[in-house]
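One structure is given below, encoded as structure tokens.
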Amino acid sequence: MIASSEAIVLKSFDYRETSRIVTFFTKNYGKISGIMKGVRKDPKKFGSSVDKFSSNDIVYYRYSRSDLHLISQCDMTQFYFPIREDYKRNLAANYVMELVDVVMQVEQVNEKIYQLIEDFLKSLEDVRDINKLVYMFQIKILALSGFSPHLDSCVKCSKKVEGRVRFSMQSGGLVCQACPTQESTLTFISRGSISSMIHIEDKDWRQCMRLGLTAAVQKELKFILNNFLIYHFERTVRAQKFLHAS
Ligand SMILES: [Zn+2]
């Protein structure tokens, strides 16, 4: 079967002398991997050098018995030059590509996540607060992939939460003061962080861009989101160093 789609490069590596294996997140078919034969011998054969986090129009032969397909065309549509020029923006984009690769299963189609990645990359070209953009991406990809943390009541007893609230990485949500728990992955979370997370889940990207996050909320979100992601996804994200450098 011949398939075509818009596609963003999540990762790629050289294969044998002349080829390259590329993992794309495609708009129409979700995450797929394919071989680009001869691309290193004759880069003009494809209109793209398949740089990480570039957008491309691809055509490929989809094999039903293999997860590795044959890419026949790859034309770059967006290079995101300002991101590549800046060390920190580059790290943030690399982190997000790895996060998509870890969170999304092969051929799990999600057009909203495709749009989210594009929104993220476009904003990353000139935004000042890079960290806020990464927290927005983390919260939204969790919500859109069905891993949203439970934030509107206690995850254990379902009662409304009041007073000092804790967040459990393990249970994936808020825990009230009345619920005893032996979990070691508990941390206090402020009202400001809870309402910021709910706001980011509910509103569209442009509205979220206007949201202000205080330094205290950013610090809390960083700790909670990173630990939540590490806890729930076996493979830790290598580009996590972005988050320590930031
Ligand atoms: Zn409770």
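Bear in mind that the values in this text are calculations on the coordinates, not laboratory data. Treat the numbers as computed from the prediction; the structure is a model and nothing was measured. All Cβ positions, even for glycine, are placed from backbone atoms using ideal geometry, and neighbour counts span all protein chains on display.
Here is how the numbers come out for the structure above:
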quantity	calculated
Under 15 Å from K222, Cα to Cα: aspartates and glutamates that are on another chain or at least 8 residues apart	D129
Cross-link pairs K88/K160; K27/K132; K11/K159; K122/K219; K45/K203 - those with Cα-Cα distance over 32 Å	K88/K160; K11/K159; K45/K203
Hits among aspartates and glutamates - C-alpha to C-alpha of K44 under 14 Å, sequence gap 8 or more where chains match	D75
By average C-beta atoms within 10 angstrom, highest first, the peptides 20-26, 46-52	20-26, 46-52
